[in-house]
Amino acid sequence: MKIALASDHAGFDLKDGIARHLASLGVPFTDFGSAAGEIADYVDTAERALLSVESGAYERAILVCGTGMGMSLVGNKFRGIRATLCWNEYTAEMSRLHNDSNCLTLGGRVLSLELGLKIVDIWLAAVFEGGRHLRRLDKLRAIEERNFKPLQ
């Protein structure tokens with residue numbers, strides 16, 4: 001599994017800790033920004049990472065801003081992306097089990113590194129349950145098809 005990783009300046013420290021953690025686990029990832037000391041808009045770094053997931057080059061994304069809310073908003077503007085803002089172990093697990101989340105968003109100003117890494121580990125390990133949840137994802141895909149227009 002290849003991970004697209006990105007943050008704005010408010011999420012940089014947590015993203016940097018996640019990058020070190022992913023490297024220690026041997027999980028392949030690419031950091032799509034921001035860099036240390038760079039002021040970056042969450043929309044810009046998220047877009048770079050999410051385009052790589054949307055294209056199929058990466059399986060999932062982990063995005064970090066101050067609260068995780070901005071990254072979540074951006075994530076859910078992309079076809080096929082199911083961005084979920086998680087703030088504890090339970091929400092991380094449920095985002096995968098029930099929603100087949102392929103984009104985890106986190107808040108660098110509201111989570112400790114320790115909790116952030118626990119959330120990442122659970123999110124990476126949890127497997128979508130399918131079943132009744134697949135029916136719901138099919139409904140989400142139908143909404144997406146109605147509302148996303150082809151690029152011209």
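Considering only region 115-149, how many residues are acidic (Asp, Glu) and out of contact with any helix residue (DSSP H, G or I) (no Cβ under 9 Å at 6 or more places or on another chain)? Show your work before the answer.
In the first step, residues of region 115-149 are kept if they are acidic (Asp, Glu); the result is 121, 129, 138, 144-145.
Applying the additional criterion that residues be out of contact with any helix residue (DSSP H, G or I) (no Cβ under 9 Å at 6 or more places or on another chain) yields 138, 144-145.
Residues meeting the conditions: 3.
Given the conditions (1) under 22 Å from residue 16 (Cα atoms); (2) small (Gly, Ala, Ser); (3) over 10 Å from the mean Cα position of the chain (by Cα); (4) modelled with pLDDT of 95 or more, and given that residue 56 satisfies all but one, which numbered condition is not satisfied?
For residue 56, the exception is condition (1).
Which numbered condition in (1) more than 11 Å from residue 6 (Cβ to Cβ); (2) among the basic types (Lys, Arg); (3) in a helix (DSSP H, G or I) is the only one that residue 77 fails?
Among (1) more than 11 Å from residue 6 (Cβ to Cβ); (2) among the basic types (Lys, Arg); (3) in a helix (DSSP H, G or I), residue 77 violates only (3).
Any idea how many residues of region 45-74 are assigned to a helix (DSSP H, G or I), of a type outside the set (S, T, N, Q), touching a residue at least 12 places away in the same chain (Cβ under 8 Å) and over 13 Å from residue 5 (Cβ atoms)?
Initial filter on region 45-74 (assigned to a helix (DSSP H, G or I)): 45-54, 69-74.
Now narrow it down to the ones that are of a type outside the set (S, T, N, Q): 46-51, 53-54, 69-71, 73-74.
Subset that is touching a residue at least 12 places away in the same chain (Cβ under 8 Å): 46-51, 53-54, 69-71, 74.
Of the ones still in play, those that are also over 13 Å from residue 5 (Cβ atoms) are 47, 51, 54, 69-70, 74.
Result for region 45-74: 6.
If I go through region 34-48 residue by residue, how many of them are surrounded by 18 or more Cβ atoms within 10 Å (Cβ to Cβ) and farther than 14 Å from residue 70 by Cα?
Residues in region 34-48 being surrounded by 18 or more Cβ atoms within 10 Å (Cβ to Cβ) and farther than 14 Å from residue 70 by Cα: 1 in total.
The values are calculated or read from the model by the stated rules, or taken from the named source; none is laboratory data. Treat the numbers as computed from the prediction; the structure is a model and nothing was measured. With ideal geometry, Cβ positions are generated from the backbone for all residues, glycine too; neighbour counts draw on all protein chains shown.
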